[in-house]
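Note sheet for the following structure.
The values are calculated or read from the model by the stated rules, or taken from the named source; none is laboratory data. No experiment lies behind these values; they were computed from the predicted model shown. Using ideal geometry, Cβ is built from the backbone for each residue, glycine included, and neighbour counts are taken over all protein chains shown.
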Amino acid sequence: MTNHIHKHIITYHLLDAEPSVFGFSTTRHGGCSTGTYKSFNCTVHGGDSADNVIRNRKVLSTLFPTQPLEFVIPHQVHLDDICVIDENYIKEVGRRDILSTDTPPQLEGIDAVITNIPRYCICVSTADCVPILLYDKVKKVIAAVHAGWRGTRIRIVETVITRMKDLYGCSPTNMLACIGPSISLESFEVGDEVYDAFLEAGFDINRIARRYEKWHIDLWEANKLMMEHKGIPAEQIEIVGICTYKEMNDFFSARRLGKRSGRILNGIMLL
């Protein structure tokens, strides 16, 4: 079953069926950025000009069923710190312009965002790393998670699920989870040190690693296994199955384009 693919974004079956939430990942198409940012790049963190990002974000904001109040886009560092968008955050940061490209201090060094406040579009930026969008359909709580291999190894998605339970009383049995465009097992070749890091961290290495000429790691499966372990039913986990490395013409890939390149913006918002 093909995901809903628009010119600018893809959406997710599990979230499309829910009237109270909107989730998406951007493509490379339909924007104004050039070079390695071509063309629909919606974040400045890869080095694109703020003017281009603002123009692209204006287009993105028109695709929502309800206009966002803000795009919450953290500066990620491959750790497991979480920012909660609550009334305290809003009071500290103030009401920001929807097109603002600066990063408030509260979002520096953050790799996951949680909220239960409608119309705050919480996002993570990726270009091969795994984006995970979570939604508790009973408690109406959402999260956006950035899980590269380092974040996956330190089990950031488990930390986020625990925080959702502790703060809002969420139950994993009520959660929907979407794993967005990111590097696949076949394309994610790693050195022995990365393989050893997952082995030492207690992952079921037979499920997530395969040996070709070198080791390859399946980050999709690793994160799916963690979410199932935390109690999210397998049928409530959607893996979009798009490999950014293979499909770099449609989705940004840092391994193909370099670090100074565009980023996929993966967002989720309560309506």
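Annotations for the structure displayed:
- For the stretch 1-37, the set of residues classified as under 17 Å from the mean Cα position of the chain (by Cα), farther than 17 Å from L257 by Cα, modelled with pLDDT of 95 or more and in a loop (DSSP other than H, G, I, E, B) consists of H8, T11, Y12, listed by residue number.
- Condition check for D81 on (1) within 23 Å of G148 (Cα to Cα); (2) among the acidic types (D, E); (3) out of contact with any Gly (no Cβ under 9 Å at 6 or more places or on another chain): one failure, at (3).
- Between V138, V160, the distinction of being in contact with a strand residue (DSSP E or B) (Cβ under 6 Å, 6 or more places away or on another chain), at pLDDT 95 or above and aliphatic (A, V, I, L, M) belongs to V160 only.
- Selection count, the stretch 143-156, where residues are outside any strand (DSSP E or B), within 13 Å of the chain's Cα centre (by Cα) and more than 11 Å from I82 (Cβ to Cβ): 3
- Selection within the stretch 236-256: residues that are among the hydrophobic types (A, V, I, L, M, F, W, C) and more than 29 Å from M175 (Cα to Cα). The member of this set that is surrounded by the most Cβ atoms within 10 Å (Cβ to Cβ) is A254.
- Among the residues of the stretch 233-255, those identified as in contact (Cβ under 8 Å) with a residue 12 or more places away in the chain and assigned to a helix (DSSP H, G or I) are Q236, A254, R255.
Here is a yes/no grid of residues against (1) among the hydrophobic types (A, V, I, L, M, F, W, C); (2) over 22 Å from Q76 (Cβ atoms); (3) touching a Ser or Thr at 6+ places or on another chain (Cβ under 6 Å):
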position	(1), (2), (3)
H229	no, yes, no
Q236	no, yes, no
L257	yes, no, yes
L271	yes, yes, yes
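- Looking only at the stretch 85-138, and only at residues there that are basic (K, R) and touching a residue at least 40 places away in the same chain (Cβ under 8 Å), the one that is surrounded by the fewest Cβ atoms within 10 Å (Cβ to Cβ): R119
- Residue under evaluation C32, criteria (1) within 16 Å of I264 (Cβ to Cβ); (2) surrounded by fewer than 22 Cβ atoms within 10 Å (Cβ to Cβ), criterion not met: (1)
- Test: residue in the stretch 79-92 that is within 18 Å of C129 (Cβ to Cβ), in contact with a strand residue (DSSP E or B) (Cβ under 9 Å, 6 or more places away or on another chain) and assigned to a loop (DSSP other than H, G, I, E, B): yes
- When the stretch 257-271 is limited to residues that are under 16 Å from F24 (Cα atoms) and not small (G, A, S), the one that is surrounded by the fewest Cβ atoms within 10 Å (Cβ to Cβ) turns out to be L271.
- Within the span defined as the stretch 183-203, every residue fails to be surrounded by 24 or more Cβ atoms within 10 Å (Cβ to Cβ) and either of a type in the set (D, E, K, R) or in a strand (DSSP E or B) (or both).
- Checking the stretch 61-73 against the condition returns a match, with at least one residue being among the aromatic types (F, W, Y) and in a strand (DSSP E or B).
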